[in-house]
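First up is the structure itself, then whatever we jot down about it.
Derivation of every value follows stated rules applied to the coordinates shown; laboratory data play no part. Note that the coordinates shown come from a computational prediction; the quantities given were computed from them, not determined experimentally. Glycine also receives a Cβ, built like all others from the backbone with ideal geometry; neighbour counts cover every protein chain displayed.
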Amino acid sequence: MAELMNCPNCGGLFVKTNLRDVCDKCFKEEEKKFETVYKFIRIRENRTATLNEVVEGTGVEEELIIKFIRTGRLQLAQFPNLGYPCQKCRTLIREGKLCGNCSGELKQQISSFQKEEERLRELQERDKKATYFSGKKL
């Protein structure tokens, strides 16, 4: 469902949809910048360019190029050296949101948290079973 929002780029009011997260004016600017980036990396010599080289060669902001990659507008399979930073450690990756190391670390933390939760549950169950009540009324 569409909702009324302020454009994150210019602050103008627009109706946000699933297809656009900026106003029409900023969307047109993004489209021009996308064409600039796409033309740059389609040149044979530039197909092996890194993210920093694309930024330097086109003048387009790094965040916008990352947005193009994450939304699927730029397919990394065609450009072997192009990647974007991991959201935790900023290592360049080609898929997902986290690199392998950060993902493994997060999985380990979740696993240890689950084990600790299970241990606490077992202790609570043990305490419930160990409680005795006497038949005497006070």
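Taking every C-alpha pair closer than 8 Å and separated by at least 6 residues, the mean separation divided by the residue count of the chain gives a relative contact order of 11 percent. Were the residues from LEU120 through LEU64 laid out at 0.36 nm apart, the gain over their Cα-Cα distance would be 15.5 nm. What does the net charge come to around ASN52 if you take all other residues with beta carbon closer than 14 Å to its beta carbon, with K and R at +1 and D and E at -1? Value of the local net charge: -4.
Can you classify the range 3-125 as rounded, prolate or oblate using the Cα gyration tensor, where a ≥ b ≥ c are the square roots of its eigenvalues, rounded means a/c under 1.5, and otherwise it's prolate if a/b beats b/c and oblate if not? Note, shape of the range 3-125 comes out oblate.
When +1 charges are put on Lys and Arg Cβ atoms and -1 charges on Asp and Glu Cβ atoms, the dipole computed for the range 12-119 relative to its Cα centre reaches about 260 debye. Using the rule -39500 (n - 2.57) for each DSSP H run of four or more residues, divided by the residues of the chain, the 222 nm mean residue ellipticity is -16000 deg cm²/dmol. Put a dot 7 Å past the Cα of GLU105, heading toward its Cβ, do the same for THR91, and the two dots end up 0.9 nm apart.
Full extension of the chain between ALA77 and CYS10 gives 20.8 nm of extra length, using 0.36 nm per residue less the Cα-Cα distance. Restricting attention to the range 3-125, lysine pairs at least eight places apart or on different chains and with alpha-carbon atoms under 16 angstrom apart total 11.
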